[in-house]
Amino acid sequence: MKLSVFQIEQLCAVVYLDVLISELGKNNLAYIMTHMLENGFAEIKELPAFMTREEWETVARNVVNDSELGGLAVFDYVNDEHTGHRAFCFLRENEGYVVFRGTSSDAEWIDNGIGMTEAETPAQKAALDFIVRVRAIPGVSFICAAGHSKGGNKAQYCAVKGAGIVDRCVSVNGQGFSRLFFDKYSDIIEKAKFKITSVAERRDFVNCLGFYLKEPLFYSGGRGSQSEQFPHGNPLPYFHCPDALWLRTGEQGESAPVSYISGVINNFVAFFLTDKKYEKKREKTALGLVSLMTENGEDKESTDAIAEAALAFFELTAKSEDFRAKLRDLLLNEKELIAATTLMVRQNHMNSGIIADMAMRRTAEKLLIHPVYFNYFIRSAEKFVVFTHKNREAKEHTEYVNHFLKNIFRHVERRGDYKS
């Protein structure tokens, strides 16, 4: 019997552990995870994937207690330290489970941006090369491609391009694709969809980047508890972790509708990827989103790109009443998540606010250069202020957004072109 989706989800977490590389061909996963439970996790100063030691121990115990998972051994792997591309092949009789790791480097985030605007990316092609290598292993007659985040995107790409090689695909919080991808491979995409199972945490912010190859089944995991570090609960990145779909007991969470924040992000990305006005700026706008996510925006190109992304957001807010309605729903229904996320951003930039300040300056400058954007922004800001006055409960949790708006106006005023 083939491994279940939940079992494969756990493999998508395990591949983040470096210990698998040194254990190639030596021991099965049960042995490796038993060792990690005894003292391995305690020796790692910074555990990967935003997961705590307790959460990693839950994964390890699940593997040890599951004879099918525990009996798997690492047969082959690829680990490119320059690009961050990593994949493992686990063998079980005639079955090969190829699992791709998620984004772990700035280079991979840039590749993610390319994936929103181009038909395919270098990382996707590298993933397919590894799949072909595994298929050549004597005796392997079934291949499942899987992965979390970028790994899920790679797995879906392999399911389409490697139609005669990949028999099954499981994507966990895997991001979407560009319009060019659908245009280029429309004839084979429909034939491959039946192989794909896509799952995502309802508040995940990565699966909604681009267009769905197959819309995910959404789940609500056990995250969200308050702590001294995050008094409003877990911020957005914590809902993208490999285990975010699970309950704290280590079991699959409950089926749930997608969150308002994921819907807003998906609508915004779809706007700048399809609006003709952004045809020449799509790459730069995608780079802006990538720069925000990597906090890598100290150079002029990155801060200009962040400004382009901000302008696109302001324009959509001003143009679309439907989008404004989605923003209102977001502010009213996801207040704690917004507060926790903005607090995390402030903490990250507490001692080095250069990136945020430069991006703000670039946004202000571009608003002045392009009057139409400036008018859109003013209208959007006015609507936002009116909304917060009408909804006192939401106002407390949007103070950081108001702070951002005030700083934009401050930089505009310094130029002498606008007086509030």
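Descriptive notes on the structure:
- Annotation: aspartates and glutamates with alpha-carbon distance below 15 angstrom to K366 (same-chain offsets under eight excluded): E301, D304, E308, E315, D357, E413, D417.
- Cα gyration tensor shape of the stretch 1-88, rounded if a/c is under 1.5, else prolate or oblate by comparing a/b with b/c: rounded
- Residues F323, F272, F182, F100, ranked from the fewest to the most other C-beta atoms within 10 Å, line up as F182, F323, F272, F100.
- Per-pair calculated FRET efficiency, R0 = 30 Å: D129 and L217 via Cβ, rounded to 0.05: 0.55
- Taking the square roots of five times each eigenvalue of the Cα gyration tensor of the chain, the equivalent ellipsoid has semi-axes of 39, 24, 19 Å, listed largest first.
- Modelled FRET efficiency - R0 25 Å, S4 with L180, Cβ distances, 0.05 increments: 0.15
- Label zone of L343 (point 7 Å out along Cα→Cβ, amide N under 18 Å): in the stretch 214-253 this covers 223-240.
- Projecting the Cα atoms of A305, P257, F75 onto the charge dipole of the chain, computed from C-beta unit charges around the Cα centre, puts A305 farthest toward the positive end.
- Working from Cα pairs under 8 Å separated by at least six residues, relative contact order for the chain is 11 percent.
- Exposed loop sites are taken as GluC sites (Glu not before Pro) in a DSSP loop (any state but H, G, I, E or B) with at most 10 other beta carbon atoms within 10 Å; the longest stretch of the chain without one runs 280-420.
- Helical mean residue ellipticity (222 nm; -39500 (n - 2.57) per DSSP H run of 4+; nearest 500) of the chain: -16500 deg cm²/dmol
- Considering only R282, R168, R53, the mean-square fluctuation computed in a Gaussian network model of the chain, springs between alpha carbons under 10 angstrom, is largest for R53.
- Remark: the chain carries a charge dipole of roughly 1420 debye about the Cα centre, counting +1 on each Lys and Arg Cβ and -1 on each Asp and Glu Cβ.
- Helix 321-333 vs. the chain, principal-axis angle (Cα, 0 to 90°, nearest 10): 70
- Taking only the C-alpha atoms of the stretch 121-175, the Rg (one decimal) and the largest Cα-Cα distance, Dmax (whole number), read 10.4, 32 Å.
- Put a dot 7 Å past the Cα of Y31, heading toward its Cβ, do the same for K276, and the two dots end up 6.4 nm apart.
- Between 0 and 90°, nearest 10: helix 122-135 axis offset from the chain longest Cα axis: 10
- Extension reserve of the V372-E228 stretch, reckoned as 0.36 nm per residue once the Cα distance is removed: 47.5 nm
- Only aspartates and glutamates eight or more places from K214 in sequence, or on another chain, were considered; those with a Cα closer than 13 Å are E190.
- With Cα atoms, 0 to 90° folded angle of helix 399-414 axis to the chain main axis: 50
- Listed residues G176, G263, G25, most fluctuating in the chain (Gaussian network, C-alpha, under 10 Å): G25
Taken together, the values in this text are just the output of simple stated rules run on the coordinates, not laboratory data. Predicted model only: the values in this text are computed from it and were never measured. Here Cβ is always computed from backbone atoms with ideal geometry, including for glycine, and neighbour counts include all displayed protein chains.
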